Amino acid sequence: MSQHRRWHRYLAVILALTGLSASSSGCRVTARHDFSDPPVAVPDRFRSPESSDAAPVPLEWWAAFGDDELDHLVRESLERNIDLRVAWDRLRQSVAEARIAGAALLPQVDVNGGASLTRTVQHGGTTATFPGARVRRDESDDQYFVGLGLGYEVDLWGRIAAQRSAATLRAQATREDAEATALLVSGRITDLWLTVIEQRALRRLVLEQIETNRRFLELTELRLSLGEGSALDVMQQRQQTAATQSELPVVESALEAAVLQLEVLLGRPPTQRLVLTASAFPDLPPWPELPAPAELCGRRPDLRAALRRLEATDEEVAAAVADRLPRLAISLDYDLSAPHLGRLFEREVTSLIGNFVAPLIDGGRRRAEVERRQSLVQQSLGAFAQSFLDALLEVESAIARERHQRVLIDRLREQVDLARQTVEESRSRYSNGLDSFLSVLTALQSLQQVERRFVTESRRLLTIRAELYRALGGGGWTRALEPSAPRELREIELPERPEEPTP
């Protein structure tokens, strides 16, 4: 047989085994379960207020606030945040693990070669020509060899395919983890940005209140000098002024802390060099269009990750069941050897070996492994159900909190107006000697407290809306992070889960 025909035969065997690799992995011994439907009773709709101007949630959900500075901060955090970069590195690791698991479905081919050079020198003996002379004999025994080995396990029961599918699903879950991390980071950036605006507004308000208290202090001192007031009035107003001044360090501390935390989330050192220009709260966006509760499984990355891990655990059950069944492995070796390199192709050895292994006695280890994997499926299913209920709770809680927060804001706005009127009336009566300064002091304290609370609760209303957006999974958030991933990770193609073949 010519060398070309031999190599053609060898390649034909390789192609046949590769085709067998693609077709034999379909004999799955357990059915693949469908976990796409939520594992708990799901309401038809959320208990949201009726709104004729409801707007869809943008994919980049923070854009609903319509602020360029916030948009810039969130985008920078998605590019530079350390936790998010770690999440991308975990994705790279899990993708590599999925490729490793899938490699066993293909034939493994190795090339080996070498040479052994042996020299034997023998001394002794004589010759007839030169009697008494010693003779030296040199002998050579050289060998050159090269070989090609192919090994392949026929995936009769789909064990390797199930392992690859499980690793693929876990890689996809890791991608969803990265998306969930980005959702958390964007939410934290938004909360801190609103906190910065809140503390700046409080600082302006406290400074205004300090100035107001000083004017009232001047009034009490004037009345005391005219003999119409008392030293107690002056002391009480000085105490009120000092109390208001003591609020300023608290506000400044909270403002600096928020800026420092923003810098860290942006991947910067906390140096207080971040320049922020926002000075007023954005308008509350229109009420969002709410999806059906069942759609949360597809919208929220944490639920998508939990679902992928549940499916991966189910695949591992199939692999454990198949591990109890016989295995068939095939090895093909093609070797060339000769004492000289020029004669290397004169002698060839080809061997094809089939190896059949069936578990017989293992002390119940494989059966116990199946039971363990099945219990993990039930645990994962329960965890997924609880995560889904928690997601429903987050949405419903955010809806309820915003509804009540709006009422609170209206009541506080009304209270501020009434408190201002009360201060003016009490001041007028005190100036005319119709009432004591205590009524002025009480009204002033009440006004300044409710003014500060109004600022805080206004920020809280916007924070609750941001929490609602995040509870909904943003605007869907599917593949929203491609621009923010490091360049080398944008090129990673996640392996797809193989379809379940028809028996």
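Every read-out reported here was derived from the displayed coordinates using simple, explicitly stated rules and does not represent laboratory data. The structure displayed is predicted, hence computed values, not measured ones. No Cβ is skipped: glycine too gets one built from the backbone with ideal geometry, and neighbour counts run over all protein chains shown.
Relative to the current alpha-carbon distance between Ser279 and Leu59, full extension at 0.36 nm per residue lengthens the span by 76.6 nm. The alpha carbon convex hull volume per residue for the stretch 166-250 rounds to 82 Å³.
Using the Cα coordinates of the stretch 217-356, the gyration tensor eigenvalues translate into equivalent-ellipsoid semi-axes of 85, 27, 16 Å, sorted from longest to shortest.
The stretch between Arg429 and Asp71 holds 123.8 nm of extra length on full extension. This uses 0.36 nm per residue minus the Cα-Cα distance. Placing a pseudo-label 7 Å from each Cα along the Cα-to-Cβ vector at Arg268 and Ile82 gives an inter-label distance of 1.6 nm. The stretch between Phe145 and Arg45, if pulled fully straight at 0.36 nm per residue, gains 28.6 nm over its current Cα-Cα span. Summing Lys and Arg as +1 and Asp and Glu as -1 over all other residues whose Cβ lies under 15 Å from the Cβ of Leu303 gives a net charge of -2. The order of the peptides 265-278, 288-301 by mean Cβ neighbours within 10 Å, most packed first, is 288-301, 265-278.
A protection proxy built from the mean count of other Cβ atoms within 10 Å ranks the segments 311-318, 463-470, 207-214, most packed first, as 311-318, 463-470, 207-214. Averaged over residues, the count of other Cβ atoms within 10 Å places the peptides 360-373, 442-455 in the sequence 442-455, 360-373, highest first. Distance between the pseudo-spin-label points of Thr350 and Thr442 (7 Å out from Cα toward the beta carbon): 10.8 nm.
Our note on the geometry: Cα centres of the stretch 62-102 and the stretch 408-460, 47 Å apart.
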